[in-house]
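Below is one structure, written out as C-alpha cells, with a few remarks after it.
The values are calculated or read from the model by the stated rules, or taken from the named source; none is laboratory data. All values derive from a computational prediction rather than experimental measurement. Because the Cβ atoms are built from the backbone with ideal geometry, glycine has one as well, and the counts that use them run over all protein chains shown. What goes into the accessible areas is simple: the full protein's heavy atoms, side chains included, and nothing from ligands, DNA or RNA. Shrake-Rupley method; radii C 1.70, N 1.55, O 1.52, S 1.80 Å.
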Amino acid sequence: MNQRRIDKIMDSLKEAGLTQALLSDPFSLTYVTGDNFRPGERFLALLLREGQKPALFLNRLFFAPHVAPENIVPYDDTERGALKALPLIDRSRPLGVDKKMPAEFLLELQQRNAASGYVNASPCVDHVRACKDAEEIALMVRASQMNDQAML
C-alpha cells in the first residue's frame, strides 16, 4: 500500500471533519494499494481510520499482492463481507463512504448502526487523486513517451 497516498487522503478527510472512511471505488483502491480489483457483486472496501492500520476487506477468491497480510480482512462467500467491518468502525463517529459504495452493503451497515452518520467522502479522495505528485507526473510522462514511440 502507498502510505503517502493514505496520509494525503486522511488529511483530506480530517479537513472535512471525518476520522474514518470506507472506500469501495476500485479506482481509488488501485490508487492506494497498487492492485487492480474487479469484485463483481462481492464486498470490497478499504477502511481508513485515524489511529488504526488500514483494513482491506477482501473475499478469499481475490488477491492483493501489494497489500501486507496484516492489512487484509479476508472473508468467504458464506460470510457477509460488509459485516466484517463492524468491529473496526467507530460507531460514535460519522463514516465517510464513497460514491461507488453499493447500496446493498451501505444499507447493511446502516441497519446495524455502524456509525453515527454517513458522509460522502468521494470529494476528499477525488481531490487527492487529482493532484499529481512528482512520481505520478514522471509515470505520466513515461507513458506518453511510450505512446509516442508506439505511434511512430
**OP:** Extending each Cα 7 Å along its Cβ direction at Lys14 and Glu41, get the distance between those two points in nm, one decimal.
**Re:** 4.1
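Could you order peptides 9-18, 111-120 by the average number of other Cβ atoms within 10 Å of their residues, highest first?
9-18, 111-120
Please report Rg over Rh for the chain, where both radii come from the alpha carbon positions and Rh follows the Kirkwood definition. Provide the component values of the computation, followed by the final result.
On the way: Rg = 16.4 Å, Rh = 16.2 Å.
Rg/Rh for the chain comes to 1.01.
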Subject >> Sulfur and carbon atoms: percent of accessible area, the chain [1.4 Å] >> reply: 55
Original post:
Within straight cross-link reach of Lys14, meaning Cα distance under 12 Å, which aspartates and glutamates are found once same-chain residues fewer than 8 apart are removed?
Top reply: Glu50
Original post:
Over what distance in Å are the Cα centres of the range 27-45 and the range 100-133 separated?
Top reply: 14
Original post:
Going by alpha carbons, how many degrees (0 to 90, nearest 10) lie between the helix axis of 134-151 and the longest principal axis of the chain?
Top reply: 50
**OP:** Search the structure for amide H atoms under 5 Å from the amide H of Val73, placed 1.01 Å from N in the peptide plane, and list their residues when 5 or more places away or on another chain.
**Re:** Leu56, Phe57, Leu58
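Return the percentage of antiparallel bridges among DSSP beta bridges fully within the chain, rounded to the nearest 5 %. All intermediate terms of the calculation are to be shown ahead of the outcome.
Numbers: 7 of 17 bridges.
Roughly 40 percent of the DSSP beta bridges within the chain come out antiparallel.
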Original post:
Which parts of the range 13-51 would a label at Asn120 reach, counting a residue when its backbone N lies under 18 Å from a point 7 Å out along Cα-to-Cβ?
Top reply: 13-18, 21-28
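How large is the accessible surface per residue of the range 44-132, computed with a 1.4 Å probe and reported in Å² as a whole number?
Values: 4680 Å² over 89 residues.
On a per-residue basis, 53 Å².
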Original post:
Peptides 123-134, 69-80: what's the order by average Cβ count within 10 Å, highest mean first?
Top reply: 123-134, 69-80
Original post:
Gln111: net charge of surrounding residues, Cβ under 14 Å, Lys/Arg +1, Asp/Glu -1, itself excluded?
Top reply: +1
